[in-house]
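K.L.:
Sending over a structure as structure tokens; questions will come in a sec.
The values are calculated or read from the model by the stated rules, or taken from the named source; none is laboratory data. In this text the structure is predicted, and so the values were computed from the model without any measurement. Neighbour counts are summed over all protein chains in view; Cβ atoms, including those assigned to glycine, are modelled from backbone coordinates with ideal geometry. Each accessible area value is taken on the protein alone, full model and side chains, heavy atoms only, with ligands, DNA and RNA left out. Shrake-Rupley method; radii C 1.70, N 1.55, O 1.52, S 1.80 Å.
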Amino acid sequence: MEYRTLGKTGLKVSEIGFGGEWVGGYSLEEVKNLTDCCEENGINFLDCWMADPEIRSNLGDAIKETRDDWYIQGHFGSTWIDGQYLRIRDLDKVEKAFNDLLNRFHTDYLDIGMIHFVDEIDEYEKIMNGEFFDYVLKQHEEGIIGHIGISTHNTDVANLAVNSDVFETIMFSANPAFDMLAPTEDINDFSDKKSFNQELHGMDPQRADFYESAEKNNVGVTIMKPFAGGRLFNANDSPFGVALTPIQCIHYCLSQSGVASVMGGYATVSEIEEAVSYERATEEMKNYSEVLKNSPKNSYLGQCTYCGHCAPCSENIDIAMVNKYYDLAKVHDDIPDSLKLHYDSLSANSGDCSQCGDCESRCPFNVEIMDKMVEINEYFNGE
């Protein structure tokens, strides 16, 4: 296992981390099998955003005897109320949930305290200028958390955070599908299907700015959703029209400036072993560029790649984010509670679509967005 310095925290974390979100319903023995496998393979970095008491207890019990061998990243604002996960900003509930996390992990400190799931600029500013952040800062000053971080799926929020001089680490959703779009200086030119004759590659400039700023400001980046919920492993689901391997996805993430660790979600020992096989992989096995370069032309056509060029929406729907949650949810038999909450927490979602069609005229990949909004609304509402 290779270890990287997590930005200005100075922590030497395994470049492959353990995101424990897929262990819901597992027994303690099953969870311990996973954490033991992580330890045997040199993984020393664990993220726990989950509020489910059973998940927290099982993870805490599984590493109780080896707590000092782990760096634990826990979250402020992830709560469990009336049997379900809720993202909460009410300070009394935040404090209670955070203390519950400490207790279930049998510890009086966490290496990193993350402000959980901030995807809108208005919310970010309210948190940073209110009692929520004052509470987080107090935990840091008292040594209950060693370092302050934030988790987000939103590039605008990520860029504000990385340039704030406040955060030492940022958890960000990234993979080839989330980061990439077709190269063009004038996006209107790309509305023409003829432009698909060129090779499709490149990164959204805002995302490129984020990675560069992280490197420049020495802010450690940890990656969530590196496999897009497994979507990239299937040619039919991948926006590139070809399948990538876990090794290629991991290498893509670790190749970005500022990235210290890839926090994949693993449900089985074999999935962990497949991920850590990255450390023994050849350069040919890691090479993702050739796969994307040789993907079929028009592989993006009709598929949302979350580029955001459909904006602005007259109803303030974050169309890219709505599509992302939909695609992540579809790889599961049932909609994960966390994804349903993320979707429901958006200030506007697919059900608010007025069917004006303005977004479709701006989409570089000719996605039928109006129909998609109807489909997504029916999916998340069980219609």
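K.L.:
Mind checking which of W49, N99, C304 is farthest towards the positive end of the chain's charge dipole, using Cβ charges of +1 (Lys, Arg) and -1 (Asp, Glu) about the Cα centre?
P.N.:
C304
K.L.:
Compute the helix-to-body angle for 369-380: its Cα long axis versus the longest principal axis of the chain, expressed 0 to 90° and rounded to tens.
P.N.:
30 degrees
K.L.:
Something else about it: What spacing in nm lies between the two simple spin-label points modelled at A243 and N381, each 7 Å away from Cα in the Cβ direction?
P.N.:
3.6 nm
K.L.:
Further, regarding this structure: Once fully extended, how much extra length lies between E29 and N103, figured as 0.36 nm per residue of separation less the alpha-carbon to alpha-carbon distance? Before the final figure, lay out the partial values.
P.N.:
Working: separation 74, 0.36 × 74 = 26.64 nm, distance 1.98 nm.
Stretched fully, the E29-N103 segment lengthens by 24.7 nm.
K.L.:
Sticking with this structure for a sec: Any chance you could run the full-extension gain for T282 through V269? It's 0.36 nm times the residue separation minus the Cα-Cα distance, nm to one decimal. Can you show the working numbers first?
P.N.:
On the way: separation 13, 0.36 × 13 = 4.68 nm, distance 2.21 nm.
Working it through step by step, the gained length comes to 2.5 nm.
K.L.:
Once both labels are modelled 7 Å past Cα along the beta-carbon direction, what's the Y3-T66 spacing in nm?
P.N.:
Output for this residue pair reads 1.4 nm.
K.L.:
Oh, and also: Calculate how steeply helix 319-330 sits against the longest principal axis of the alpha-carbon atoms of the chain, using the helix alpha-carbon long axis, and give the answer as 0 to 90 degrees to the nearest 10.
P.N.:
Helix 319-330 and the main axis of the chain meet at about 70 degrees.
K.L.:
For a test of the definition: using alpha carbon positions, the gyration tensor, and the 1.5 limit on a/c, classify the stretch 1-150 as rounded, prolate or oblate. Present the calculation step by step, with values, prior to reporting the outcome.
P.N.:
Working: a/c = 1.88, a/b = 1.31, b/c = 1.43.
Oblate, since a/c reaches 1.5 and b/c is not below a/b.
K.L.:
Based on the Cβ-Cβ distance from N236 to D333, what FRET efficiency comes out when R0 is 22 Å, to the nearest 0.05? Mind dumping the intermediate values first?
P.N.:
Working: r = 17 Å, r/R0 = 0.77.
Efficiency at R0 = 22 Å is approximately 0.85.
K.L.:
Then there's this: Here is the link list: K138/K340; K64/K96; K93/K340. Which ones come out longer than 23 Å on Cα distance? Present the calculation step by step, with values, prior to reporting the outcome.
P.N.:
Numbers: K138/K340 32 Å; K64/K96 21 Å; K93/K340 21 Å.
In this structure, K138/K340 exceed 23 Å between Cα atoms.
K.L.:
Counting helices only, and only those DSSP H runs with n ≥ 4, report the 222 nm mean residue ellipticity of the chain as the sum of -39,500 (n - 2.57) divided by its residues, in deg cm²/dmol to the nearest 500.
P.N.:
Working: 16 runs with 145 residues, N = 383.
Helix-only estimate at 222 nm: -10500 deg cm²/dmol.
K.L.:
Does the stretch 1-80 come out rounded, prolate or oblate, given a ≥ b ≥ c as the square roots of the eigenvalues of its C-alpha gyration tensor, rounded meaning a/c under 1.5 and, failing that, prolate meaning a/b above b/c?
P.N.:
Oblate.
K.L.:
OK, next. Only four residue types carry charge here, +1 at the Cβ of Lys and Arg and -1 at the Cβ of Asp and Glu. Report the dipole size of the stretch 116-174 about the Cα centre in Debye, rounded to the nearest 20.
P.N.:
Numbers: 2 positive and 12 negative charges, 36 e Å.
Around 180 debye, computed over the stretch 116-174.
K.L.:
Take S314, project a point 7 Å from its Cα along the Cβ direction, then tell me which residues of the stretch 325-366 have their backbone nitrogen under 19 Å from it.
P.N.:
Hits in the stretch 325-366 for S314 at 19 Å: 348-363.
K.L.:
So how much slack lies between L91 and E142, counting 0.36 nm per residue of separation and subtracting their Cα-Cα distance, in nm?
P.N.:
Numbers: separation 51, 0.36 × 51 = 18.36 nm, distance 1.75 nm.
Stretched fully, the L91-E142 segment lengthens by 16.6 nm.
K.L.:
Roughly how big is the stretch 9-134's charge dipole about its Cα centre, with Cβ charges of +1 (Lys, Arg) and -1 (Asp, Glu), in debye to the nearest 20?
P.N.:
Working: 11 positive and 28 negative charges, 27 e Å.
The dipole of the stretch 9-134 has a size of about 120 debye.
K.L.:
In what sequence, largest accessible area first, do D333, D36, D156, D69 appear using a 1.4 Å probe?
P.N.:
Numbers: D333 155, D36 45, D156 65, D69 105 Å².
My answer, sorted largest first, is D333, D69, D156, D36.
K.L.:
Counting Lys and Arg as +1 and Asp and Glu as -1, each charge on the Cβ, what is the dipole of the chain about the Cα centre in debye, to the nearest 20? Intermediate values should be presented prior to the final figure.
P.N.:
Working: 29 positive and 67 negative charges, 119 e Å.
The calculated dipole for the chain is roughly 580 debye.
K.L.:
If you don't mind, there's one more thing I want to ask. Among 343-356, 2-15, how do they line up from the highest to the lowest mean number of other beta-carbon atoms within 10 Å?
P.N.:
Working: 343-356: 16.1, 2-15: 18.6.
By packing density, highest mean first, the sequence is 2-15, 343-356.
K.L.:
Which residues in the stretch 51-75 have a backbone N closer than 19 Å to a point placed 7 Å from the Cα of E40 along the Cα-to-Cβ line?
P.N.:
In the stretch 51-75, the label zone of E40 (backbone N under 19 Å from the point 7 Å along Cα→Cβ) covers 59, 62-67, 69-70.
K.L.:
Further, regarding this structure: Once you place label points 7 Å from the Cα toward the Cβ at N217 and C356, how far apart are they in nm?
P.N.:
Between N217 and C356, the label points sit 3.2 nm apart.
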